[in-house]
Structure formats: C-alpha cells, structure tokens
Protein chains: 2
Amino acid sequence: MNDRYESNATLDEIATRLRSSRRVILTTHAKPDGDALGSSLALGLVLDQLGIETQIWYMPPVPAMFKPLLAGMDVRLADGSHLPDPDYDDLVVVLDTGAVPQLSHIYPWLETRTDHIIVLDHHIEGDVGVADMRYVDRTAAATAEIVADLIDCLGDGPDRRTAEALFLGIASDTGWFRYSNVTPRTFEHAARLLRAGVDHYAIHDMSDQQHQKSRLDLMGRALASLELALDGRLAIMQLTQDDYRESGASIEDGHGFSELPQQIGTVKVSCLMAQNRSDHVKFSLRSKAGADAIDVNELAKRFKGGGHALAAGARFQGTLDEAKLALIQEVAQILGTD
Amino acid sequence: MNDRYESNATLDEIATRLRSSRRVILTTHAKPDGDALGSSLALGLVLDQLGIETQIWYMPPVPAMFKPLLAGMDVRLADGSHLPDPDYDDLVVVLDTGAVPQLSHIYPWLETRTDHIIVLDHHIEGDVGVADMRYVDRTAAATAEIVADLIDCLGDGPDRRTAEALFLGIASDTGWFRYSNVTPRTFEHAARLLRAGVDHYAIHDMSDQQHQKSRLDLMGRALASLELALDGRLAIMQLTQDDYRESGASIEDGHGFSELPQQIGTVKVSCLMAQNRSDHVKFSLRSKAGADAIDVNELAKRFKGGGHALAAGARFQGTLDEAKLALIQEVAQILGTD
C-alpha cells in the first residue's frame, strides 16, 4: 500500500475487478455536481449493460435540472436516516472524491468496508484510508475523463446515453472548456462523445438554460454591489438576506456568480459574499489561473474553509461589512500589500 | 459558374492557387470579430511562412484586446481614405463573409477585380458576384475550421502561433463550444490545436477577461431592466443613454449581454435594446436553438436588420418604450399569440 494520495492500481485492474463483481454500489461527494453525477451515472449505465446489478447513492441535494438524466437508474439518497444495506459485501466505487469530509452521511458506512472500495478521482487531495484501490489522475479535467477511459477498458465504448453523462461531467468541470485544467485529451474525449451521439446543445440547455428569472434578478443585484479593492486586484460582491428575499432567489441561484468579476482585467481574485443569516456569510472565492494566481484554497483555509487552488469556499461568522474587511485584510497580506 | 452561394472550388484547388501567388491580400467583414481576425491572421501567417508576401486589410474597429495577436504582421486599416493599391493585380482572399454589405469600405476596390478573389466562408448567405472562386462550408462552426483544413492542404499543419489564431476563431464563433453549430470536427480541431501548443486559457483571458469594471456595472443595469413578455418566452433588457454615461461604458461593453436571459427556462428569444441616441435604439436579438427556435434573422428583417437565424441585429427609430412595444408585437405575431 501507498500512503500518498495517488494511484495504486491501473484502469485495467479496476476493470477486471468490476467485471468480476455481481453487484456494485456507486457513490460520490455530497451535493453532487455535473461531474459527480455524470461520471457515476456513466459508469452505472455501463455496469448495467454488463449485467452487473448497480445502485447509485447520492447525498442530497441533487440539482433538479439533472434529475431527468437519472431516469430508469436505481438511484437512492443517503441522508441521516438512509444508508446502503449494512450486510452489503460486494464492490463499492467512490467517484470524484477520496476525501472523508466530502463523503458526509455515507462515510460511516464506507468506513467499515475499505477493502471493498475503489476510488476514482482527479482531485489534488484525498484520504488514502477511504479505499484499498485507487486511481487518481490529476491531469484529468474531470472524473468523467477517467471513467471514459475505464469504459474503454470494460468494453465497446460509450453508447449515446453514457456519452451524454460523460460529456456533462467534462463540460461542467471545465466551465465549458475555458478553465486551465483543459488538455488536448479533454477535447479528444469531447469529439468522441459527440461522435457517439451527444447533443451538446441539449446538455448546455439542461445545465445553463433552465433557471428562473429570479436568478438573473439576483445576478443584477450582485453586480450592483460589485466593488474593487487593492488596486483592482480583489473584486467583492455582496448579497444580503434582503436581496434573496426580494428577488425570490435561493442561495443555489447564485451558482457561478463569483466568476463574473474575472471579466475585469485587473482582477486576480474575486469573492461572492452571500448572507445566509444576519451574522453568517458564505464566501465563494475564485482566482484567475496563470503564473501569478492566488491560491484561494490557502485563502479559504484562513477562514476554516477550503477547496481547490482556483475555486474555494468558506463561512464567516459576522456581518457583511466585517466579512469584507476581514477578506481585504487577508488578501492584502497574501499580496504583500498590507 | 454557379449562381448559388456554395463552393465552386475545392480546398486543394484553392491551395494550389495560393501557392502560385507572389502576393496575397487578405480581408474580412467590417468590425472583425474573433473568427474574422483569427482565420485571416492564421492564413496570413502560413502564407508568410511560404514566402508569399501578405497584407491584411481590416475595416475598423479592431477590438483592442486582439491587437497583440497581430504583432509583426502587415496589417492595414481600410476606411474612407485608405484602400489597397489600385494597381494590385495578384490574389485577394476574403474570409468569413461573401456578402457585399459586410465588405463596406473595401467593396468598391474588390468589385474591380472579382476574377482575382477567393472567398472562404461558413455563412448561409452571401453574394456570388464577390469572387470567382468560392469555398463555402456551412457545416463549419467557424471560418477558422475551413482555414485549418486549407492549411493542411498547404503544408505541415499549424505552428503554435497559427494554432492560437485558429483556436480564437473557433472558440469565438461557438461561444466556447456551447452553440448549436459545434460538431465533432470542431472538438477534433480544438484537440489538434492544443497539441500544436495553444494555451487555451490565455485565449480565454485575452477574449473574456480584459474588460473594465464599467462593463460589469453596465451588465448590472441591463439585468435590473430585464422584463419577460409573452408568457416568459420573450426577454427584453433596456440600456438608456444614462446607463452608458453613468457607468462609463460604451456600446461595445454590452457585447454578449443579449445572451444572458437565455439562462431562463421559458425564454425563447431575447433582446438587448441599447439607446444610441434619444430616438434611436439598437436591437441585439438572440434565439435559443432547437426545434422551436425563433428565426431572429426573420425577426430582424421586420426592422430592416438581419444576421443569423439565432443571432441578429436591427435599428429602431423611436424611444425605448416604442421599441419595446414594437418588438413585443412582432414576436407575438411570429408566435401566433397576437
């Protein structure tokens, strides 16, 4: 065994182990996103086709727009009161994470059977104790890229529905091919998935074009609050409880807003501050990629949060004004301008 | 000769004619966008490498953010007072358009030498009289896709700088791989261009991340004005002269705003109304793709404008309120709800 969070098995070995299984449970991190859903659904579809009994366990909320994709699959919700069968003794695959905190409600169940668990992941950090068998490829822009390769090891390549799930994963985790994680392989996967019949516009429509007007009203309010600090390098937007109430929008409606100020040339790091309660603020942090990128994972850690180097989150106890001052102070320190 | 706007030559024939030329002038439509600039620059770079003397003529404005790409090329601006040499008797290539109205200031010069002109285009409509030799591929998402194929006919495939120009063209004309014009071939081109050394994030940064704060202030104002009509199927945003003045933004800063309301599930067609003068409104029209798409080219024609089926523009003589009423009336008629 290897005590670093890296692969200790090949995709061929994982394919062999999957093929010899009778039943497989698939799961992923809490609040599954497009890649978590897409990569787990794709693998589930292929295992089903191989005659392997498959259950998919998600930790809610599952974004409503993606639910049509799951039709016909055995999808269950792991929450405080529901967990897989305690006597389950066949294989489990954990996708798109290997980090205990992200496994939330299902972790106590996973913890009792690590020798029956495979992790497939593309994240930097994870816990080696989660699974005996790991495939970790940090050069993959999405776990869906890894699953696409695994499906090749398992058989004939994806059918249209499987390809759609994989495409959703890749498009979601790359910001539609804009982020710095995209490689030539990402585009090669996308080309092949389109040749397998994916209607990429339908995926775009499902992912990005099914919102309520309240999202755009909230976006207008976020933009109206935009301020630059530290010579334009830090952008802060604030949404108050009143903004949510008056626009009729939810916290989820603000998804992606934190990226908007990156359109500004001077901006290196941006933050959306969402006031959950009068004394509680949620930070969504984004950094532009490049040589002078600010590591927002490190920034978030200063507020007991975390995430990725270019996208992270944290929670702040206090008012919006206090949150703003605290953030400016920390970023100034990181930039060496305090 | 063929009197329909379609190819009357192969890319190999065009490559042969280019190779036998001593000097080539490249031009494109007025107000060149990412594809116009990217495809013409890429062809220019390759012709230079073949030892063919190349001049590129653009009709302003050339977006400032793209100017660094043009460094070292012989780029000239065709306006009322500057045109290419009247005695020029070698080849001319017109890229990304074949429509007389889009050729603006340079058309009178082109008109005198149609037998020395090649058109490379992917648009639906164009004028057959512009050039004797035409290659029109409507399945290409961008003219840059056609140029990428032509470069294969000319030689070794693109170097890094040429690949960057081609990638810019493809990414711009597909809304970063979201629009319905994307095909498997689009992704195959993108993969190959990345393998040739393109830093796709640098292209994204140049295209989308070099704005002023005034753009986001203007975006906030546009969103604050958002109204839905016709059971949510029509979205209208209005920007007044005051909005531009108070935010310090220009008409160009509103580029892309007309797509924002497409995030709303009910919306079929969206319009950004920008007040140029107190009695003059510019319409930017967008339609979602799909079986029930509204042809905004047809809609724009009702206001003496035009463009593409999913993206078009027009000008309206009157106030914003008059413009809004007129637009609702026309869309209602198209939807059969008037």
### Message
What is the percent carbon and sulfur in the accessible area of the stretch B:213-335, measuring with a 1.4 Å probe over the protein chains and ignoring ligands?
### Response
47 percent
### Query
If all Cα-Cα distances of the stretch B:11-208 are sorted into 5 Å bins from 0 onward, what percent lands in each bin, rounded to whole numbers?
1, 8, 18, 22, 22, 16, 8, 3, 0
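Which value, in debye to the nearest 20, gives the size of the charge dipole of chain A about its Cα centre, when Lys and Arg are +1 and Asp and Glu are -1 at the Cβ? Could you put the intermediate results ahead of the total?
Details: 32 positive and 50 negative charges, 122 e Å.
Around 580 debye, computed over chain A.
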### Query
How are the Cα pair distances of the protein assembly as shown distributed, in percent, across 20 Å bins from 0?
17, 47, 31, 5, 0
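Other chains near B:220-233: what is the mean number of their Cβ atoms within 10 Å of each residue's Cβ? Walk me through the numbers on the way to the answer.
Details: counts 10, 3, 3, 10, 7, 1, 5, 1, 2, 0, 0, 0, 2, 0.
For peptide B:220-233, the averaged partner shielding equals 3.
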### Net dipole in debye of the stretch A:192-232 [+1 Lys, Arg Cβ; -1 Asp, Glu Cβ; about Cα centre; nearest 20]
220 debye
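For the stretch B:213-335, go through all pairs of different Cα atoms, get the mean of 1/r, take its inverse, and jot down that Kirkwood value in Å. Provide the component values of the computation, followed by the final result.
Numbers: mean 1/r = 0.0708 Å⁻¹.
Result for the stretch B:213-335 stands at 14.1 Å.
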### Query
How large is ³J(HN,Hα) for each residue in the stretch A:280-296, as worked out from phi by the Karplus curve 6.51 cos²θ - 1.76 cosθ + 1.60 (θ = phi - 60°), to whole Hz, x for Gly and Pro?
8, 10, 9, 9, 10, 10, 9, 10, 5, 6, x, 4, 9, 5, 8, 7, 6
#### Entry: Set of the stretch A:244-260 residues, backbone N closer than 13 Å to the point 7 Å along the Cα-Cβ line of A:Ala64
A:249-253
#### Entry: Of the GluC sites (Glu not before Pro) in the stretch A:90-179, those whose Cβ has at most 16 other Cβ within 10 Å and which sit in DSSP loop
A:Glu125
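Would you mind giving the mean number of other chain beta-carbons within 10 Å of the Cβ of each residue in B:202-212, as a whole number?
Details: counts 3, 1, 9, 7, 0, 1, 3, 11, 4, 7, 5.
Neighbouring Cβ atoms belonging to other protein chains average 5 per residue here.
Classify the stretch A:277-338 from the C-alpha gyration tensor, please: rounded if a/c falls under 1.5, else prolate or oblate depending on whether a/b exceeds b/c. Each step should come with its number before you reach the end.
On the way: a/c = 2.51, a/b = 1.48, b/c = 1.69.
Taking the square roots of the gyration eigenvalues as a ≥ b ≥ c, the stretch A:277-338 is oblate.
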### Query
Helix A:213-224: angle to the longest alpha-carbon principal axis of chain A, degrees 0 to 90, nearest 10?
40 degrees
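Per residue, how much accessible surface does chain B expose to a 1.4 Å probe? Answer in Å², no decimals. Numbers along the way, then the final one.
Numbers: 13630 Å² over 338 residues.
Accessible surface, normalised per residue, equals 40 Å².
Classify the stretch B:158-229: rounded, prolate or oblate, from the alpha-carbon gyration tensor (a ≥ b ≥ c, eigenvalue square roots; a/c under 1.5 rounded; otherwise prolate if a/b is larger than b/c)? Walk me through the numbers on the way to the answer.
Working: a/c = 4.63, a/b = 1.80, b/c = 2.57.
Here the stretch B:158-229 falls in the oblate category.
Go through A:Asp243, A:Asp292, B:Asp132 and list them by solvent-accessible area, largest first, probe radius 1.4 Å. Don't skip to the end; give the middle numbers.
On the way: A:Asp243 25, A:Asp292 90, B:Asp132 65 Å².
So, going from the largest accessible area down, we get A:Asp292, B:Asp132, A:Asp243.
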#### Entry: Tilt relative to chain A, helix A:34-49 - C-alpha long axis, 0 to 90 degrees, to 10
10 degrees
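State the percent of C-alpha pairs, over all pairs in the stretch A:118-258, separated by a distance greater than 27 angstrom.
Details: 4157 of 9870 pairs.
Result for the distance tail: 42 percent.
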### Average beta-carbon neighbours from other chains, 10 Å sphere, peptide B:265-273
2
### Task
Specify the inter-centroid distance of the stretch A:168-210 and the stretch A:3-42, based on alpha-carbon positions, in whole Å.
20 Å
### Message
With every protein chain left in place and a probe of 1.4 Å, what is the accessible surface of A:Leu50, to the nearest 10 Å²?
### Response
80 Å²
### Query
Which residue fluctuates the most in chain B, going by a Gaussian network model with Cα springs under 10 Å, if the choices are B:Gly220, B:Gly305, B:Gly126?
B:Gly220
### Summary
Here the stretch A:81-94 yields Karplus 3J(HN,Hα) values (6.51, -1.76, 1.60; θ = phi - 60°; whole Hz; Gly and Pro given as x) of 9, 10, 9, x, 3, x, 8, 4, 10, 9, 7, 10, 10, 9
### Residues of type aspartates and glutamates that A:Lys304 reaches as a straight line, Cα spacing below 18 Å, ignoring anything fewer than 8 places off in the same chain
A:Glu125, A:Asp279, A:Asp295, A:Glu322, A:Glu330
### Task
For the stretch A:31-134, just the Cα atoms, rotate onto the principal axes and tell me the three extents in Å, largest first.
34, 29, 28
### Task
Answer with one residue from B:Ala202, B:Ile118, A:Ile264: the one whose Cα lies farthest towards the positive end of the charge dipole of the protein assembly as shown, charges on Cβ with Lys, Arg +1 and Asp, Glu -1.
A:Ile264
## Note on the structure
So, with points 7 Å from each Cα along the Cβ direction, the B:Arg160-A:Leu50 label distance in nm works out to 4.1 nm
### Message
So if I restrict to the alpha-carbon atoms in chain A, what is the Rg, and what is Dmax, the biggest pairwise distance, in Å?
### Response
20.6, 61
### Task
Mind checking which lysines have their Cα closer than 26 Å to the Cα of B:Lys301? Skip sequence neighbours fewer than 8 apart in that chain.
B:Lys31, B:Lys268, B:Lys282, B:Lys288, B:Lys324
### Query
So how far apart, in nm, are the two label points at B:Leu77 and A:Asp127 if each is 7 Å from Cα heading toward Cβ?
6.2 nm
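The values are calculated or read from the model by the stated rules, or taken from the named source; none is laboratory data. It should be emphasised that the depicted structure is a prediction, and the values quoted were computed from it without experimental measurement. So basically every Cβ, Gly included, is an ideal-geometry build from the backbone, and we count neighbours across all protein chains shown. The protein model used for the area step is the full one, side chains on, heavy atoms only, and it has no ligands, DNA or RNA in it. Shrake-Rupley method; radii C 1.70, N 1.55, O 1.52, S 1.80 Å.
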